[in-house]
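Where a number appears in this text, it was derived from the coordinates with a stated rule and is not lab data. In this text, all values refer to a predicted model and were calculated from it rather than measured experimentally. Glycine also receives a Cβ, built like all others from the backbone with ideal geometry; neighbour counts cover every protein chain displayed.
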Amino acid sequence: MMFFLLNLNDQNLYFKDRVIAQIKKEYLPLFELKDMRYVNGALTRFYRLPNSVNSVLNSQNIKSVEGLILGKITPKAIEFGLDRIIVIYFNSEVDVYKIVRDLESTGMFEYVEPWFIYKMDIVPNDPLISNQWHLPKIQAFNAWDITKADSIVVAAIDGGVAWDHPDLGGIIWNNLGEDVNGNGKTLIFNGSTWQFDPGDLNGVDNDGNGFIDDLIGWDFYGNDNNPKPDPCNATYDDHGTHVTGIMAAWTNNSVGVAGEAWNAKAMAIQTGACGYIYSAINGTYYAANKGAKITNHSYGGPSYNNSARTALLHARSMGANNYAAAGNQGVDVGSSPRYPCCYNDATICVAATNQGDQKPSWSNYGSCVDVSAPGDFVYSTAWNSSNNSFIYAAYSGTSMASPSAAGVGAMIKAANPSLSVDDIDTLLICSTDNIDALNPSYAGKLGSGRVNMFKAVRMAKFAGVSVLKVRVDDSNYNNNQRAEVGEQVKLFLTISNPRCYRNASNVSLQLINNDPNITVIDGNINVGNLNMEQTIEPADFFEVSISGSQPRFWDFKVKVNSVPQNADTIINLRLIIGFPKILVVDADTLTNFETYYTSALDSLNKVYELVRFNEPQLFRSNTREIIIWHTGNRSTNVLTSAERDSLVAWLNSGKKLFISSQYLAEDPIGSQFIQNYLGANIIQTGIQYKTIVGETGDPVGNGLKFRLVNPDGAQNANSDDNIAPNNPNSRRAFRWTGVTGSGDYGGAVVYQIPCKTVFLAGPFEAISNTQTGWNKREEFMSAVLNCFISSSDEVGLIPFGIYPYVKNSQILIKYHFKQAQNLNISLYSVNGYRIYESEIKSAQYGIHKIPIKSKGIYILKVNEKTYKLINN
């Protein structure tokens with residue numbers, strides 16, 4: 001088919017030989033339906049214009065007046081006024097916008113507009129990419145363990161589908177209303193290729209939808225029943241084939257690639273060719289009427305089209321969710337709208353991301369965008385139109401991002417078929433991974449984030465009961481709200497069911513304990529109902545008795561029973577027994593960078609407590625010895641006066657501090673704190689080196705080197721500082737340098753030798769753990785903690801072993817083991833009489849105390865080792 005009456009001079013593309021108009025209800029009787037017949041297999045309506053309209057159009061130039069919508073007009077279509085939309089065709093080129101104004105002047109139309117044409121949103125790229133990176137990125141494999149999408153019909157409103165592709169034929173939708181021979185198929189495999197079932201081609205509209213022999217869909221471009229693309233432009237001929245493959249390529253068939261919506265059925269629809277979409281309205285209407293629950297629209301332009309929006313709204317009313325590409329112009333579609341993306345009540349608008357979750361330069365962005373999805377070098381099914389060969393290729397564009405989001409939408413629908421179209425949109429938006437930190441220039445303009453299929457499916461199918469907090473009630477003991485050895489405590493759980501998860505009923509919690517030093521008195525909590533967005537502390541509680549050593553972690557599990565099933569049936573929890581001497585302070589509440597510090601401590605088997613600055617636990621126990629303080633991305637008010645005063649009091653009491661901050665030197669209060677309490681002068685701020693190397697011979701830095709790069713770190717090393725010791729009691733422990741050794745800038749200073757404070761003038765959290773030949777974060781942390789050992793009683797910091805000593809009429813036994821073990825302890829007088837015996841199960845680190853009354857010599861036996869101790 002050839003179209004030659006186009007305006008292709010700018011972004012507003014439209015036919016110059018026709019206009020579209022919607023007749024007002026009260027004037028519909030004046031437009032006579034003079035004929036209705038099948039044209040090339042599609043039921044078409046022909047109208048006669050009233051004289052009042054003819055008079056403004058110069059009727060001799062009119063070719064025909066036809067209903068825009070082909071096929072059967074349903075009651076739902078009438079409800080949306082689709083039956084009142086007509087197309088006026090002219091015999092030759094006309095001034096379209098003059099015609100629009102003339103028709104509007106009659107007062108008989110809701111709207112009059114050009115027949116707009118939209119461009120496909122593809123950026124051609126090297127096809128030799130064999131990695132579907134987008135599937136693990138959106139966690140598709142985990143989602144497939146929960147549900148498949150073989151009950152869902154999807155439709156690409158596009159340039160046709162190579163439906164006989166080996167990786168598509170098995171999932172092409174079959175219109176069983178046209179299954180004349182009753183074999184349950186309208187598309188069959190003949191042993192070598194896929195073909196229409198000959199027994200179903202009878203030239204009759206068997207399902208009565210207004211289309212003859214539409215076995216797998218329809219071609220609205222060529223107006224026939226074969227929606228395979230027309231060879232025209234090699235760049236765009238397989239656009240619809242690629243898009244369809246992203247959504248629904250035949251999965252688990254030992255061939256080619258996998259579609260996101262596992263074996264969803266793909267309706268084959270052609271609405272354009274050569275890179276342009278002409279008949280999206282009819283394609284959308286057909287898809288919705290035939291049961292498609294997902295429609296994808298990988299095209300667009302700047303022209304608002306009332307009839308197109310109406311068709312999309314009609315599709316939503318039929319239970320279809322619509323997804324549209326944001327476009328590839330690299331512009332803000334909030335200020336330069338693009339359609340259908342910006343029909344915010346009708347479509348989900350999708351921007352593109354690359355493998356690093358960053359917006360490619362070409363992807364549009366802005367307030368119209370609802371979500372982002374993988375769209376850069378996406379590998380999928382393809383078709384070589386020059387020789388009709390079936391291939392695979394990687395293409396880029398928001399054309400690829402939109403079907404990726406659509407595939408997630410199909411999986412949401414499959415996980416919970418009862419969801420409404422609004423529910424599905426909400427879940428898609430709610431379940432994304434926020435990527436603003438990776439796209440600071442586009443924060444808030446890439447929708448809610450990059451789609452995550454696993455999270456979306458979990459939210460659709462399950463309740464989301466989680467434990468936010470464990471409150472300790474030890475009011476029968478010292479009432480300090482901390483579980484300690486020798487206490488029997490009640491544990492009250494604050495639980496929540498976050499937004500977008502399903503309402504939960506019959507909720508109960510069961511405690512699972514494997515710690516021999518914890519005795520469960522009551523391990524069941526009855527909750528009842530917990531609705532979405534509800535947070536409660538049930539009146540019921542767990543009750544446990546605690547023995548063994550402290551401080552230590554108690555790791556336990558909670559089993560969640562609910563209807564529907566909970567997303568996580570087992571929740572892992574950790575409770576601190578006693579008061580650890582290591583305190584991790586998260587002074588940057590906007591990020592989760594504290595996990596880089598706690599994971600390093602976990603790998604070193606250290607007991608610690610994580611708090612926010614404003615939490616009461618900060619200085620509540622004099623057993624604290626070490627604070628690890630980080631400020632992350634906090635670039636203003638990096639150190640408040642209240643925080644400074646607390647730290648000064650802490651240091652004046654003889655405690656120790658490790659502080660990591662890349663913006664502290666640029667803060668007025670922080671810079672004074674550095675000079676007065678961290679033993680350093682600020683030489684230069686905002687240096688950009690990503691390598692830090694330890695000073696030879698320094699107790700902290702000797703032999704260590706680190707790279708602040710790679711995604712396994714926080715990737716936030718933006719403003720490191722050059723610092724230097726400012727008095728004889730401080731020393732430089734690390735220097736910033738280039739990867740090859742060029743550059744020499746102070747990176748870390750240790751103050752009050754041997755070791756009272758360690759200041760890293762950069763983000764510890766940005767250190768990479770995956771650079772071959774470079775040290776890891778936990779090695780930095782270990783060096784700092786070892787530096788603090790000499791004047792610290794922190795058990796977790798002593799070397800592995802047993803260390804008994806006498807103090808204040810007590811025998812104290814410090815112990816620290818790499819793996820937990822049982823300790824058998826016996827104490828004898830010098831004459832050999834046993835005066836004390838105890839067993840500690842699963843001991844790893846702690847202090848065991850034995851009171852002694854008399855002075856003299858004692859013999860201590862711990863397992864097989866014997867120690868002689870003297871109480872003077």
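Farthest toward the positive end of the dipole of the range 6-120, out of Ile88, Ile73, Val112, is the Cα of Ile73, where the dipole comes from beta carbon charges about the Cα centre. Taking every Cα-Cα distance in the range 5-107 and sorting them into 5 Å bins starting at zero, the pair-distance distribution P(r) comes out as 2, 11, 21, 24, 19, 14, 7, 1 percent.
Shown is the FRET efficiency for Tyr38 and Lys469, computed with R0 = 41 Å from the Cβ-Cβ distance and rounded to the nearest 0.05: 0.05.
Partners of Lys228 within straight-line reach, counting aspartates and glutamates whose Cα lies under 13 Å from its Cα and excluding those fewer than 8 residues away in the same chain: Asp158, Asp164, Asp214, Asp219, Asp237, Asp238. Extension gain, Leu28 to Glu79: 0.36 nm times the residue separation minus the Cα-Cα distance gives 17.0 nm.
At an R0 of 22 angstrom, the distance between the Cβ atoms of Ser317 and Asn344 translates into a FRET efficiency of 0.85. For the range 461-484 versus the range 43-91, the spacing of their alpha-carbon centroids is 69 Å.
Principal axis analysis of the Cα atoms in the range 33-161 yields extents of 63, 36, 30 Å, listed in decreasing size. Between Asn710 and Ala649, the simple label model (points 7 Å from Cα in the Cβ direction) yields a spacing of 4.2 nm. Look at where the Cα atoms of the range 222-262 and of the range 809-852 average out, and the two centres are 72 Å apart. For His165, what charge total do you get from the other residues with a beta carbon under 11 Å from its beta carbon, if Lys and Arg give +1 and Asp and Glu give -1? Charge balance near His165 sits at -2. At q = 0.17, 0.23, 0.26 Å⁻¹ the log10 of I(q)/I(0) for the range 26-73 amounts to -0.56, -0.88, -1.01, computed by Debye summation with a single uniform scatterer per C-alpha, solvent ignored.
Label-to-label distance for Thr535 and Asn729 is 4.3 nm, based on points extended 7 Å past Cα in the beta-carbon direction. Among beta bridges from DSSP that stay inside the chain, the antiparallel ones total about 75%.
What's the whole-number percent of alpha carbon pairs in the range 798-871 lying beyond 16 angstrom? Tail of P(r) above 16 Å: 45 percent of Cα pairs. Normalise the Debye intensity by I(0) for the range 183-299, one equal point scatterer per Cα, no solvent, then take log10 at q = 0.18, 0.19, 0.21 Å⁻¹ and round to two decimals. Computed log10 I(q)/I(0) values: -1.09, -1.21, -1.42. For the range 582-791, what does the alpha-carbon gyration tensor say about shape, rounded, prolate or oblate, given a ≥ b ≥ c as the root eigenvalues, a/c under 1.5 as rounded, and a/b over b/c as prolate? It is rounded, given that a/c, with a ≥ b ≥ c, falls under 1.5.
Summing Cβ point charges (Lys, Arg +1; Asp, Glu -1) relative to the Cα centre of the range 208-254 gives a dipole of roughly 180 debye. Partners of Lys63 within straight-line reach, counting aspartates and glutamates whose Cα lies under 14 Å from its Cα and excluding those fewer than 8 residues away in the same chain: Asp17, Glu93. The 3J(HN,Hα) values that the Karplus relation (6.51, -1.76, 1.60; θ = phi - 60°) gives for the range 574-589 are, in residue order, 9, 10, 8, 9, x, 10, x, 8, 9, 10, 9, 9, 8, 8, 10, 7 Hz. Gly and Pro appear as x. Strictly over 29 Å apart at the Cα level, which of Lys359/Lys690; Lys72/Lys445; Lys814/Lys855; Lys841/Lys865; Lys557/Lys841; Lys34/Lys98 would you flag in this model? Over 29 Å Cα-Cα: Lys72/Lys445. Between Lys807 and Asn384, the contour length at 0.36 nm per residue exceeds the Cα-Cα span by 143.8 nm. Cβ-Cβ distance of Tyr477 and Thr866, R₀ of 41 Å, FRET efficiency by 1/(1 + (r/R0)^6): the value works out to about 0.70.
Within the range 630-785, antiparallel bridges make up roughly 80 percent of the DSSP beta bridges whose residues both belong there. Take the chain and mark each of the chymotrypsin sites (Phe, Trp or Tyr not before Pro) that is in a DSSP loop with at most 13 other Cβ atoms within 10 Å; the longest unmarked stretch, sites excluded, is 5-799.
Centre-to-centre, using Cα atoms only, the range 325-348 and the range 654-675 are separated by 46 Å. Evaluated at q = 0.08, 0.13, 0.18, 0.19 Å⁻¹, a Debye calculation over the C-alpha positions of the range 417-566 (equal weights, vacuum) places log10 I(q)/I(0) at -0.33, -0.73, -1.01, -1.06. For the residue pairs Lys455/Lys581; Lys148/Lys559; Lys24/Lys265; Lys490/Lys606; Lys137/Lys265, the C-alpha atoms sit more than 28 angstrom apart in Lys455/Lys581; Lys24/Lys265. If the chain linking Ser92 and Ala437 were pulled fully straight, counting 0.36 nm for each residue of separation and taking away their Cα-Cα distance, it would gain 118.8 nm.
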